[in-house]
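Okay, structure first, notes after.
Each value in this text was obtained by applying a stated rule to the coordinates, not by laboratory testing. Quick caveat: nothing in here was measured; it's all calculated off a predicted structure. Cβ atoms come from the backbone with ideal geometry, glycine included; neighbour counts cover every protein chain shown.
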């Protein structure tokens, strides 16, 4: 090897040694750069996640506030409705026997007797409401709430709608009186202006949009037909309507709704005004009571007081919806008009 070649080889060796010496530092620097890059990415991801959580939390807080506002609004409306109902009840006259029912140191039995006299002898709506509350069997309480409701008691209409005919109270039953609940919901709204009308629209919407039996809905080839009697339920066929009328007893409910629409709805204000005036004879009211079966002879339903029918024990809730002719299973005061005997 010549002298020049040796010099070139030495230069290459020096470069290689320098490169080898610098390699760890370069690798470390690269690693540090990668680490910094990773940390930056992680930090960015954390910040992004934090921002997302912040937005989610804010959205949740807004939603919670909206829900709280809705609940608060609903509570306020319900509270206002109750206050209005109470104010409307105060317009209705109170009999002396009703007032005596709150005498100190009397037994529950004595109190009930005062209310019973107030209801049957004085036609006191407040007494009717109290009687309904004190009767533990629903089928015996219903005629008294009904007596109060047809006379203009907003509290009695609310009991009919939210208790007696409540869909949520007896969800497992085949007999679900949507139409009766719908009727008294509208009457209650008429009296109080309460927001129950929205619930009724929801209820009516659910019922009107599907067949009452098979739940079929309107299609291009199928148009549901509405019940002509109550205008609440819908059917996809005559077969489903027959099942609903016979097996689900809608015939009974529908008939009573028709009676109420014909003999109560057009005269509701007239009857209430007459009650407030203290009129002893109200022809439209007595005709309605007769049509509903409230004036039936006691002998016809005496057995129900023992919680039996045709010798068999009954479930009171099964006798809240009307009989086939639309009349109630249990009457209130037979024959003579209440308050005139």
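A crude spin-label estimate for the pair residue 82 and residue 215, with each label 7 Å from Cα along the Cβ direction, gives 3.5 nm. When each of the peptides 253-261, 118-126 is scored by how many other beta carbons lie within 10 Å of its residues on average, the order from highest to lowest is 118-126, 253-261. Computed over all pairs of different Cα atoms, the Kirkwood value for the hydrodynamic radius of region 135-319 is 17.8 Å.
Efficiency by 1/(1 + (r/R0)^6): what FRET value for residue 225 and residue 111, r their Cβ-Cβ distance, R0 = 51 Å, to the nearest 0.05? It comes to 0.50. Ordering of 137-143, 300-306, 228-234, 280-286 by packing is 137-143, 228-234, 280-286, 300-306, highest average first (other Cβ atoms within 10 Å, averaged per residue). For the peptides 150-161, 177-188, the ranking by mean Cβ contacts within 10 Å, running from highest to lowest, is 150-161, 177-188. Normalised Debye scattering of region 263-341 at q = 0.11, 0.17, 0.22 Å⁻¹ gives log10 I(q)/I(0) of -0.36, -0.75, -1.02, counting only Cα atoms as equal scatterers and leaving out solvent.
You can think of it this way: the chain between residue 299 and residue 104 has 66.7 nm of extra reach, that is 0.36 nm per residue less the Cα-Cα gap.
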